[in-house]
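Trainee: Sharing a structure here in structure tokens format.
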Amino acid sequence: MKNINSHIQLPNGILKYFRDECDPEKKVWYLDISTGNIMRKPAGKLGTSKGYFSEAGESFWNEEIETPLTRLNNEIRLFNDLKIESVQFSAEDIATFKRYIKAAAIRSNLACRTMMNKSVTAALFTDQENHDALSYFGMSINGEFDQLLMKMNVSILLNRTPRFWVVPRNCYYSISSSGKETLVAPISPTCALLYLTENIQGYYAEVTNSVDIEIMNVAALKYEYMFNGAFVASNSQFELKALQCFRQKHLPELERLPHLLEN
């Protein structure tokens, strides 16, 4: 059986837009959560594991999430670059955006650990078989998180500042907005998906204050600590150096986050 170099959680269709275009090799900068080091790697290799999913598992994710999401990402970036006047999302497009968040949660290290610890049959199968099973059954089961996503409206969030969004391997993170649950999923350094439990005026919103970008990037770092402890990626070494400084100052607090979540 052919072992594919699988992206565990963050799709290459998103990650490739975080490449440093000023870098001759067009690599992605990333902050390694475990070491605190800033490094570079090709988008096609960052966040991958050989044989993590089977060929069938890869096909499932390509059809379920990555192919439709890449198409929508292209449209959003064209709108952001003023190459098209507007974007319109169908009900199926909105469903794709919500499946992306659900898929990210299912593909997290936390979800995998939870399954391995609670399943009475997981030990009978290979890691790859368990990863595939978690994919199929996880996407078909409706739980509390699904109920939250069902209530959410989805909009585009555009970054109109000189700073750039980073993206955690976790794909998304939560921020506080008027005391209501709000999720942000960066799909490029200047475009993100915004999930709100309140009505959205228009189909897009803008961030014009660089401080807000810094706050969101810290939230991305914290969520990565909680769900994976893997990496935060960026097209900008500067943004990761800012997070590296935050990590050094708040390391004990950050290292407690996974334990607080599991308890």
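The values are calculated or read from the model by the stated rules, or taken from the named source; none is laboratory data. Remember, it's a predicted structure, so these values are computed and weren't measured experimentally. Here the Cβ is made from the backbone with ideal geometry for all residues, glycine too, and neighbour counts use every protein chain on show.
Trainee: Which of the residues spanning region 75-88 are surrounded by 12 or more Cβ atoms within 10 Å (Cβ to Cβ) and over 18 Å from the mean Cα position of the chain (by Cα)?
Mentor: In the first step, residues of region 75-88 are kept if they are surrounded by 12 or more Cβ atoms within 10 Å (Cβ to Cβ); the result is 75-80, 84, 87.
Passing the criteria: Glu75, Leu78, Phe79, Asn80, Ile84, Val87.
Trainee: Also: Kindly check whether there is at least one residue in region 202-216 that is under 15 Å from the mean Cα position of the chain (by Cα) and either at pLDDT 95 or above or outside any strand (DSSP E or B) (or both). Give the derivation first.
Mentor: Of region 202-216, the ones under 15 Å from the mean Cα position of the chain (by Cα) are 216.
Those left that are additionally either at pLDDT 95 or above or outside any strand (DSSP E or B) (or both): 216.
Yes, some residue in region 202-216 is under 15 Å from the mean Cα position of the chain (by Cα) and either at pLDDT 95 or above or outside any strand (DSSP E or B) (or both).
Trainee: Ser177 - would you say it is in contact with a strand residue (DSSP E or B) (Cβ under 8 Å, 6 or more places away or on another chain) and small (Gly, Ala, Ser)?
Mentor: On the way: in contact with a strand residue (DSSP E or B) (Cβ under 8 Å, 6 or more places away or on another chain): yes; small (Gly, Ala, Ser): yes.
So Ser177 passes the test.
Trainee: Can I ask one more? Using the structure shown, decide if Asn130 is surrounded by 13 or more Cβ atoms within 10 Å (Cβ to Cβ), closer than 24 Å to Ala220 by Cβ and either touching a Gly at 6+ places or on another chain (Cβ under 8 Å) or modelled with pLDDT of 95 or more (or both). If you could, list the steps in order and put the result at the bottom.
Mentor: Details: surrounded by 13 or more Cβ atoms within 10 Å (Cβ to Cβ): yes; closer than 24 Å to Ala220 by Cβ: no; either touching a Gly at 6+ places or on another chain (Cβ under 8 Å) or modelled with pLDDT of 95 or more (or both): yes.
Criteria not met by Asn130.
Trainee: Return the total of residues in region 27-56 being acidic (Asp, Glu) and either under 15 Å from Asn235 (Cα atoms) or touching a Cys at 6+ places or on another chain (Cβ under 6 Å) (or both). Step through it out loud before you land on a result.
Mentor: First, the residues of region 27-56 that are acidic (Asp, Glu): 32, 55.
Right, trim to either under 15 Å from Asn235 (Cα atoms) or touching a Cys at 6+ places or on another chain (Cβ under 6 Å) (or both) and you get 32.
The number of residues fulfilling the criteria is 1.
Trainee: Please identify the pairs in which a residue from region 148-165 that is touching a residue at least 40 places away in the same chain (Cβ under 8 Å) has its Cβ atom under 6 Å from the Cβ atom of a residue that is of a type in the set (Asp, Glu), counting only partners at least 6 apart or on another chain.
Mentor: Sorted first by the residue in region 148-165, then by its partner, the pairs are Leu158/Glu206; Arg160/Glu206; Phe164/Glu239.
Trainee: Can you report the number of residues in region 17-41 which are surrounded by 22 or more Cβ atoms within 10 Å (Cβ to Cβ) and among the acidic types (Asp, Glu)?
Mentor: Residues that pass the stated criteria total 0.
Trainee: Can you pull out every residue in region 42-74 that is surrounded by fewer than 17 Cβ atoms within 10 Å (Cβ to Cβ) and either within 30 Å of Phe246 (Cα to Cα) or among the acidic types (Asp, Glu) (or both)?
Mentor: Answer for region 42-74, where residues must be surrounded by fewer than 17 Cβ atoms within 10 Å (Cβ to Cβ) and either within 30 Å of Phe246 (Cα to Cα) or among the acidic types (Asp, Glu) (or both): Pro42, Gly44, Lys45, Ser49, Glu55, Glu63.
Trainee: Taking region 223-254 as the region of interest, how many residues are of a type in the set (A, V, I, L, M) and not in a helix (DSSP H, G or I)?
Mentor: Residues flagged as of a type in the set (A, V, I, L, M) and not in a helix (DSSP H, G or I) within region 223-254 amount to 3.
Trainee: Assuming Thr67 fulfils every condition listed in (1) outside any loop (DSSP other than H, G, I, E, B); (2) within 20 Å of Leu194 (Cβ to Cβ); (3) of a type outside the set (Gly, Ala, Ser) apart from one, which condition is it?
Mentor: Among (1) outside any loop (DSSP other than H, G, I, E, B); (2) within 20 Å of Leu194 (Cβ to Cβ); (3) of a type outside the set (Gly, Ala, Ser), the lone unmet condition for Thr67 is (2).
Trainee: Name, by its number, the condition in (1) at pLDDT 95 or above; (2) in contact with a helix residue (DSSP H, G or I) (Cβ under 7 Å, 6 or more places away or on another chain) that does not hold for Ile76.
Mentor: (2)
Trainee: Which pairs do you get when a residue that is farther than 30 Å from Tyr30 by Cβ, found in region 180-201, comes within reach of a residue that is in a loop (DSSP other than H, G, I, E, B) and modelled with pLDDT under 90, reach meaning Cβ atoms under 7 angstrom, with the pair 6+ apart or on two chains?
Mentor: Within 7 Å, the pairs are Lys180/Thr197; Lys180/Glu198.
Trainee: Right, next: Out of all the residues in region 52-61, is one or more part of a helix (DSSP H, G or I), in contact with a His (Cβ under 8 Å, 6 or more places away or on another chain) and small (Gly, Ala, Ser)? Working first, answer last.
Mentor: Restricting attention to region 52-61, the residues satisfying the condition of being part of a helix (DSSP H, G or I) are 55-61.
Checking the rest, the ones that are also in contact with a His (Cβ under 8 Å, 6 or more places away or on another chain) come to 57.
With small (Gly, Ala, Ser) added as a condition, the list becomes 57.
The answer is yes; a qualifying residue exists.
Trainee: While we're on this one: Just for strands (runs of 3 or more DSSP E) wholly inside region 145-193: which have at least 1 residues that are over 16 Å from the mean Cα position of the chain (by Cα) and crowded, with 22+ Cβ neighbours inside 10 Å?
Mentor: Details: elements: 153-159, 173-177, 180-186.
So the answer is 153-159.
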